[in-house]
Amino acid sequence: MLLLEGLSNRCRWLPVLFASLLLAGSGPALAAEQLEVRLDGFALPIDLRQLQAWSRNPSSSRTELGVWLELLDGRSRDDLITLLRSPLLPDRGLALQLLQSWAGRQVLDEVGELLSTDQPGSGSLLLATLRSQLQQPEPFTVIDLLLAVPAPRLSLELDGVLALAQRWRLQLELQGLAFERLRQLPLPIREGDSAPRRLASLNRPSPPRRLQLRVAHRAEPLELELWAAEPPRQRAWVLLMPGLGGSRAQLGWLADGLARRGWSVLLLEHPGSDEKAVRQLLDGQRPPPGAETLPERLADVEAVLAAEAGGGLPRLGGSVVLMGHSLGGLAALLAAGERPVAGLEQRCRQALKGIPLINLSRLLQCQLAQVSLPPPPRRRAELEAVVSMNGFGSLLWPGRGLDDLAAPLLLLGGSLDLVTPPVSEQLGLFLQQRDPRSRLVLVEGGSHFSPVRIANPKEAVLRLGAPLVGQEPLRVQELLLALSADFLFSLESRTQLPSQQRQQDGIRAYVLAPAEAELWSQRIQR
């Protein structure tokens with residue numbers, strides 16, 4: 001974010017932008033001792049040995065390059081020195097696994113378009129050099145890596161780097177503008193209940209019951225948590241699925257809250273794409289899980305639904321709500337019978353031109369073109385609704401690809417989500433919906449990780465900074481719970497959740513029916 005904000009002063013940030021690109025791209029490199037930087041039709045040769053000497057001891061570097069670098073302002077110079085001196089990819093096991101993943105290769109190929117050799121297949125050459133360096137016992141820096149590439153010359157297309165960064169910045173500005181337009185919609189304001197009042201009016205369910213379900217497609221039984229409503233006041237029950245790298249514990253707050261309100265919840269964890277898989281990735285034991293895990297996730301869902309209907313699990317209700325976070329939300333749509341619209345590979349060729357840092361879900365969506373999904377299930381008469389928190393699918397379902405969804409849809413997103421941005425990933429999908437009961441909910445200050453609750457932050461697998469976590473996650477979660485329950489209750493009572501601007505415990509959310517979403521879309525495009 002700071003890098004993008006600094007692009008308005010392009011001269012100051014050129015060195016930092018260059019070094020940051022190298023870091024973010026997992027290791028573009030150079031074999032010759034010269035890097036040719038191209039900008040505005042000019043070519044500037046940089047002697048890497050001189051750059052290395054200057055980074056180690058700036059005050060004693062008397063080279064021509066050293067003289068020019070000393071003209072930088074103090075902050076830019078210090079930033080550049082820090083980047084050039086820092087070990088690149090110190091966690092070697094993790095780095096190797098990331099490079100071997102489908103997403104890692106796509107990113108490196110795109111970097112190869114900006115930082116290239118004079119030989120064909122620059123991305124593959126950079127990857128091979130990086131792998132070789134990672135096998136060495138000593139830590140290495142960006143310059144060490146550049147000097148190791150077996151090619152006579154490297155060229156950095158700085159025009160392309162700046163264009164890419166400008167594109168990221170425009171995407172961020174568009175998201176900010178979209179929420180300005182959202183605030184201007186004529187929505188009635190409704191105040192939510194305070195936390196003490198809410199808790200006083202809720203039933204207390206029993207502690208969750210741990211269940212195991214043996215399934216044909218896995219060696220080990222599926223681990224489930226049953227949050228039973230006592231007594232169940234609603235006809236439907238909820239099958240709740242975590243996102244990629246998620247666990248049952250992270251969504252227990254939601255299962256507990258829905259059970260208190262009368263919906264029994266089965267909370268499912270998917271081996272191979274859960275928290276354990278992320279720990280194995282961080283230990284360098286496996287590549288990162290991705291879209292290749294969806295067939296097994298869908299098999300998990302089918303097995304659970306069949307067991308609930310056939311007596312292998314407790315009977316919970318007459319209809320089911322498929323609900324998930326992020327990849328779990330995508331699995332919910334696929335389990336409801338949706339399949340990607342033909343032409344995904346062609347759409348991805350265009351979408352992946354440039355590193356999609358403002359919409360990382362595009363990497364997962366495009367990986368799905370390489371995955372063989374099972375045939376869609378028959379239409380589910382028992383499907384009550386689909387609920388997707390921080391969901392995505394703009395490349396999977398363009399145009400009106402979701403207009404045949406046989407159930408109402410609730411999409412929930414946040415203004416700070418840079419993984420599945422709400423304008424491109426939730427609004428576009430929602431506008432395809434024909435069901436008048438469907439709703440789109442946008443939370444001010446919510447991020448992609450707002451629905452994830454960590455009981456003990458010190459034990460978190462990944463430590464995320466405040467910009468990624470978003471504002472007041474516990475308060476955002478309470479508002480997400482309240483609106484999800486209101487939506488489900490409206491379906492049970494055969495009414496429609498009113499469009500509104502909901503304010504609760506200092507957090508604001510916008511609830512849009514199809515008409516308001518269309519109006520918002522029109523105002524964004526003005």
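The values are calculated or read from the model by the stated rules, or taken from the named source; none is laboratory data. From a predicted model like this one, the values you see are computed outputs, not experimental measurements. Every residue, glycine among them, receives a Cβ derived from its backbone with ideal geometry; neighbour counts consider all protein chains shown.
Among the residues of the stretch 442-449, some residue qualifies, meaning at least one is more than 24 Å from Pro514 (Cβ to Cβ) and among the aromatic types (Phe, Trp, Tyr).
Residues that are hydrophobic (A, V, I, L, M, F, W, C) and in a strand (DSSP E or B) were ranked within the stretch 304-330; the one that is farthest from Gly290 (Cα to Cα) is Val320. For the stretch 259-281, the set of residues classified as of a type in the set (A, V, I, L, M) and under 20 Å from Ala331 (Cα atoms) consists of Val265, Leu266, Leu267, Leu268, Ala277, Val278, listed by residue number. The condition (being modelled with pLDDT under 85, assigned by TED's automatic domain parsing to the domain that holds Val476 and touching a helix residue (DSSP H, G or I) at 6+ places or on another chain (Cβ under 8 Å)) is satisfied by just one residue among Leu294, Leu258, Leu282, Leu267: Leu282.
Just to be sure, is Leu80 surrounded by 12 or more Cβ atoms within 10 Å (Cβ to Cβ), at pLDDT 75 or above and within 24 Å of Ser132 (Cβ to Cβ)? If you could, list the steps in order and put the result at the bottom.
On the way: surrounded by 12 or more Cβ atoms within 10 Å (Cβ to Cβ): yes; at pLDDT 75 or above: yes; within 24 Å of Ser132 (Cβ to Cβ): no.
Answer is no for this residue.
Does Gly245 satisfy the criteria of being out of contact with any strand residue (DSSP E or B) (no Cβ under 6 Å at 6 or more places or on another chain), crowded, with 21+ Cβ neighbours inside 10 Å, in contact (Cβ under 8 Å) with a residue 40 or more places away in the chain and in the same structural domain as Ala407 (by TED's automatic domain parsing)? Yes; evaluated as a whole, the condition is true for this residue.
Taking the options Pro314, Pro356, Pro340, name whichever one is within 14 Å of Thr420 (Cβ to Cβ) and either in contact with a His (Cβ under 7 Å, 6 or more places away or on another chain) or in the same structural domain as Ala216 (by TED's automatic domain parsing) (or both). Lay out the reasoning, then the answer.
Numbers: Pro314 fails: within 14 Å of Thr420 (Cβ to Cβ); Pro340 fails: within 14 Å of Thr420 (Cβ to Cβ).
Step by step, each of Pro314, Pro356, Pro340 is checked, and only Pro356 is within 14 Å of Thr420 (Cβ to Cβ) and either in contact with a His (Cβ under 7 Å, 6 or more places away or on another chain) or in the same structural domain as Ala216 (by TED's automatic domain parsing) (or both).
Looking only at residues in the stretch 270-279 that are of a type in the set (Gly, Ala, Ser) and touching a helix residue (DSSP H, G or I) at 6+ places or on another chain (Cβ under 7 Å), the one that is modelled with the highest pLDDT is Gly272. State whether the residues of the stretch 457-479 include one that is at pLDDT below 90, surrounded by fewer than 15 Cβ atoms within 10 Å (Cβ to Cβ) and basic (Lys, Arg). Among the residues of the stretch 457-479, at least one is at pLDDT below 90, surrounded by fewer than 15 Cβ atoms within 10 Å (Cβ to Cβ) and basic (Lys, Arg), which makes the answer yes. The number of residues in the stretch 491-523 being surrounded by fewer than 18 Cβ atoms within 10 Å (Cβ to Cβ), assigned to a helix (DSSP H, G or I) and either β-branched (Val, Ile, Thr) or in contact (Cβ under 8 Å) with a residue 40 or more places away in the chain (or both) comes to 5.
Restricting to the stretch 52-85, name every residue that is touching a Gly at 6+ places or on another chain (Cβ under 9 Å) and closer than 20 Å to Ala148 by Cα. Hits for the stretch 52-85 are Ala53, Trp54. Quick check, is Asp118 loosely packed, with under 14 Cβ neighbours inside 10 Å, under 27 Å from Val37 (Cα atoms) and of a type outside the set (S, T, N, Q)? Yes.
Restrict the check to the stretch 37-56 and report whether at least one residue is among the polar types (S, T, N, Q), surrounded by fewer than 17 Cβ atoms within 10 Å (Cβ to Cβ) and in the same structural domain as Ala163 (by TED's automatic domain parsing). Quick ask: steps written out before the conclusion?
Just the residues of the stretch 37-56 that are among the polar types (S, T, N, Q), to begin with: 50, 52, 55.
After this cut, where a residue has to be surrounded by fewer than 17 Cβ atoms within 10 Å (Cβ to Cβ) as well, the list is none.
No; the residues of the stretch 37-56 include none that is among the polar types (S, T, N, Q), surrounded by fewer than 17 Cβ atoms within 10 Å (Cβ to Cβ) and in the same structural domain as Ala163 (by TED's automatic domain parsing).
Count of the stretch 252-295 residues, restricted to those that are in contact with a strand residue (DSSP E or B) (Cβ under 6 Å, 6 or more places away or on another chain), small (Gly, Ala, Ser) and part of a loop (DSSP other than H, G, I, E, B), is 1.
Residues in the stretch 188-208: is at least one closer than 18 Å to Leu480 by Cβ, within 25 Å of the chain's Cα centre (by Cα) and surrounded by 12 or more Cβ atoms within 10 Å (Cβ to Cβ)? No: the stretch 188-208 contains no residue that is closer than 18 Å to Leu480 by Cβ, within 25 Å of the chain's Cα centre (by Cα) and surrounded by 12 or more Cβ atoms within 10 Å (Cβ to Cβ).
Yes/no matrix, rows are residues, columns are (1) surrounded by fewer than 19 Cβ atoms within 10 Å (Cβ to Cβ); (2) on the phi < 0 side of the Ramachandran plot; (3) not aromatic (Phe, Trp, Tyr):
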residue: Ala351; (1), (2), (3): yes, yes, yes
residue: Asn359; (1), (2), (3): no, yes, yes
residue: Cys366; (1), (2), (3): no, yes, yes
residue: Met389; (1), (2), (3): no, yes, yes
residue: Gly399; (1), (2), (3): yes, no, yes
residue: Leu409; (1), (2), (3): no, yes, yes
residue: Leu427; (1), (2), (3): no, yes, yes
residue: Gln433; (1), (2), (3): no, yes, yes
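If you go through the stretch 8-63 and keep only what is assigned to a helix (DSSP H, G or I), of a type outside the set (S, T, N, Q) and modelled with pLDDT of 50 or more, you end up with Leu48, Arg49, Leu51, Ala53, Trp54, Arg56, Pro58.
Restricting attention to the stretch 411-425, and to residues there that are under 19 Å from Arg502 (Cβ atoms) and in contact with a Phe, Trp or Tyr (Cβ under 7 Å, 6 or more places away or on another chain), which single residue is surrounded by the fewest Cβ atoms within 10 Å (Cβ to Cβ)? So that I can check it myself, show each step before the final result.
As a first pass, look at the stretch 411-425 and keep what is under 19 Å from Arg502 (Cβ atoms): 411-417, 422.
Subset that is in contact with a Phe, Trp or Tyr (Cβ under 7 Å, 6 or more places away or on another chain): 411, 415.
On the way: Leu411: 27, Ser415: 23.
The selected residue is Ser415.
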